[in-house]
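Input: a single structure, listed below in structure tokens.
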Amino acid sequence: MRAIGPGVIAGASDADPTTVATIAVIGAGTIYGLGWLTLLLFPLIAVVQSIATRVGVAGRVDLQTAVTRTRGPAARWSLLISIVAVNIVTIAADLEGGAAAAGLIFHQDWRWFVVPLSIVLLAGLLFVGYHVMQRALKYLLLCLLAYAVAAVLARPDWGAVATGSLVPHIEWNRGYLSDVMSLVGTTLTGYVYFWQTVGQAEDQVPWRLHRARQIDSLLGSLFAVAVFWFILIASGATLGVHHLSAGTAQGAARALRPVAGPFAGDLFAFGLLASALIALPVIMATTAYPPAPTWTGGAACR
């Protein structure tokens, strides 16, 4: 666990509640039909993560600072506005997802958990510090294995899973193509790559260790894709096979209970809460970090 760097955390944070919800909806509609595309995400994510790692290690600066130095103020403000705008919407959605997961676990109205969850996360960011928070997030990664257990408990047809995952299948209709675009769009997210550059810049990694950090980023990409795949299998084996619908991740967890048993539903909800606890600090930190080169000389969050 000590060897794990920001690459694995960045990969795990990609499985935030909004991504979980999107993949659950896709699994309900296509069952295992997009398993092959889920696995194909690995080289896509790995390449961008590798580039972000090199930017952070070689330049020892975050992405915003690198853009400011090389592309000028127009590119700087464009990147800043895009990151902050998208992240604020994502934070709101993920807070709801995390609170809803807590509500499912404790059998209470999810709205009671929004404020406590927000306070805990904000206090952690303000008073704990970057390096302590990164160490804590490493151990939270293990909680995402709940999705793998939930997928097994859903009792999928593993032959159909193998076919859907290894044999590409494309349907030329609006719904299928919409699912393809949703899957790619929800997993290739900007805050993940920004966090990757921040992690290298904060650690001030010497160039001789860049290969180790590249391996770290590859492991993070692999971990993220594995989580995506298990979510798709769990939702496909329950919602898809039984023709149930769920517009949210908490709806998917709730729908798992009568089909795969209450334990599988609780595990899915537990994984959803863990994904919120991992992703939200990363998204909140990357939202606060970009203005640093403009107003504080890059010293924020250190």
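The values are calculated or read from the model by the stated rules, or taken from the named source; none is laboratory data. No experiment lies behind these values; they were computed from the predicted model shown. We place every Cβ from the backbone using ideal geometry, glycine too, and count neighbours over all the protein chains shown.
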Within region 45-75, restricting attention to residues that are of a type in the set (Val, Ile, Thr), closer than 27 Å to LEU183 by Cα and touching a Gly at 6+ places or on another chain (Cβ under 9 Å), which residue is surrounded by the fewest Cβ atoms within 10 Å (Cβ to Cβ)? ILE45
Report, by residue number, each residue of region 78-133 that is among the hydroxyl-bearing types (Ser, Thr, Tyr) and either crowded, with 19+ Cβ neighbours inside 10 Å or touching a residue at least 24 places away in the same chain (Cβ under 8 Å) (or both). SER82, THR90, TYR130
Boolean, LEU166 is modelled with pLDDT under 85, surrounded by fewer than 17 Cβ atoms within 10 Å (Cβ to Cβ) and within 24 Å of the chain's Cα centre (by Cα): no
Which of the helices (runs of 4 or more DSSP H) found entirely inside region 1-114 contain at least 3 residues meeting this: more than 14 Å from the chain's Cα centre (by Cα) and modelled with pLDDT under 85? 63-106
TRP172 vs (1) surrounded by fewer than 16 Cβ atoms within 10 Å (Cβ to Cβ); (2) at pLDDT below 85; (3) outside any helix (DSSP H, G or I): all pass except (2)
